[in-house]
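Working notes for the structure below.
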Amino acid sequence: MQAIESPTVIHQRYQVVRLIGEGSTGRVYEALDLSLQTNVALKQLIYLNTRRGRAFEREARILARLHHPSLPMVSDYFSDQHGTFLVMNLVAGLDLARLVAQQGPQDERTTLLIADQLLQTLEYLHSQQPPVLHRAIKPHDIRLLADGRVMLLDFGMASDQPPSEPSAPPSQSSLNPYSRSLWYAPPEMIYRRPLDARSDLYALGATLYVLLTGQEPPSTGERAAALIAQQPDPLRPAHALRSHVSSEVSDVIAHALALSPDARYPSAAAMRAVLRDTSAGRQVWSQPAPQLHQNPTAPDITLRVVGSVLLLLGIGMGALLLLLAMFLAR
């Protein structure tokens, strides 16, 4: 399927401005909403089959019922002769993968402020009825906006099954060897076991590890192999890699990256509380209303919207392919 060229009008309403992202399952365009005269993100599903069609519809349904300042907003969902589309808000921001690639490892204050917002967002998602699991958190799916807000994107692998029906792992095809999501996936996803809120925490833990160290943690497979061979865990503590990382914050991240879900924090709220209670956390929150802003020297990048990462199970940019999924806590 060929990319749609500007100035094609989709659904008699959305005029394509430019292509801003493309992956194995879809494309994201910047488009002008001719009715409201505002720019939006238009996510197009490509290579349609029954499974992908259901997942795309589920993504639209999940996002449509969520209302949180750190989550994208869906305003339309439709199919026409050009394909199947999601329409979302378009936001300017810098994804965390680019942030690290351009600026290097982040200091503890910046990392804690990002972590705190993400953990609040996960607490909101996991408290929904039924709970919403993101299942694909990685630096490329998180945008830092000019006003200091953090946006969690890419709900293409999200699940909202009732608690009585544990969320099953994504299909094997969605965890192909080239998917970035694979590198951030917790062991239970790799080995196709039921997932829960602690699976998102693992992925967020890996993301924090990258923010602080500039390096991805060892893969789940590498760590599991060492465990089976009764060798030391190859995961090096963050403070052993970067001197600016305190042992307290390093321990929180290591806890989130535990191979066993039972050894992780039980909830995003619990992890967030522990992070705030570290010496670094108390220093950050002892000051009134701490704010987080992009480095003014960093180029402002048009957020490929929740679609860009959302739809691309393996698009993203940057230098971080983690297998140890990232987790943040309250």
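Checking V91, V132, V87 one by one, the residue that is modelled with pLDDT under 85, of a type in the set (V, I, T), under 27 Å from D76 (Cβ atoms) and out of contact with any Cys (no Cβ under 6 Å at 6 or more places or on another chain) is V91 and no other. Counting only strands (runs of 3 or more DSSP E) wholly contained in the range 48-128, the ones carrying 1 or more residues that are of a type in the set (S, T, Y) and either in the same structural domain as Y209 (by TED's automatic domain parsing) or surrounded by fewer than 18 Cβ atoms within 10 Å (Cβ to Cβ) (or both) occupy 74-80. Residues considered: M73, M88. Of these, the only one that is without any contact (Cβ under 8 Å) to a residue 60 or more places away in the chain, aliphatic (A, V, I, L, M) and under 26 Å from L118 (Cβ atoms) is M73. Search the range 262-308 for residues being modelled with pLDDT under 95 and under 20 Å from L125 (Cβ atoms), and hand back the single one that is surrounded by the fewest Cβ atoms within 10 Å (Cβ to Cβ). Looking at residues that are modelled with pLDDT under 95 and under 20 Å from L125 (Cβ atoms), I get L303. Within the range 25-34, can you find the residues that are at pLDDT 95 or above and outside any strand (DSSP E or B)? If the condition is that a residue be at pLDDT 95 or above and outside any strand (DSSP E or B), then L34 is the only one that fits. When E216, E222 are checked against the criterion of being assigned by TED's automatic domain parsing to the domain that holds L113, surrounded by 14 or more Cβ atoms within 10 Å (Cβ to Cβ) and in contact with a helix residue (DSSP H, G or I) (Cβ under 7 Å, 6 or more places away or on another chain), E216 stands alone in meeting it. Comparison of H255, H244 shows that the only residue that is surrounded by fewer than 20 Cβ atoms within 10 Å (Cβ to Cβ) and either in contact with a strand residue (DSSP E or B) (Cβ under 9 Å, 6 or more places away or on another chain) or not in a helix (DSSP H, G or I) (or both) is H244.
Here is a yes/no grid of residues against (1) touching an Asp or Glu at 6+ places or on another chain (Cβ under 9 Å); (2) under 24 Å from Q103 (Cα atoms); (3) at pLDDT 85 or above:
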{"position": "L182", "(1), (2), (3)": "no, no, no"}
{"position": "S199", "(1), (2), (3)": "yes, no, yes"}
{"position": "Y202", "(1), (2), (3)": "yes, no, yes"}
{"position": "A256", "(1), (2), (3)": "no, no, yes"}
{"position": "L259", "(1), (2), (3)": "yes, no, yes"}
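The values are calculated or read from the model by the stated rules, or taken from the named source; none is laboratory data. Every value quoted in this text rests on a predicted model; they were computed, and no experiment measured them. Cβ: placed from backbone, ideal geometry, glycine included. Neighbour counts: every protein chain shown.
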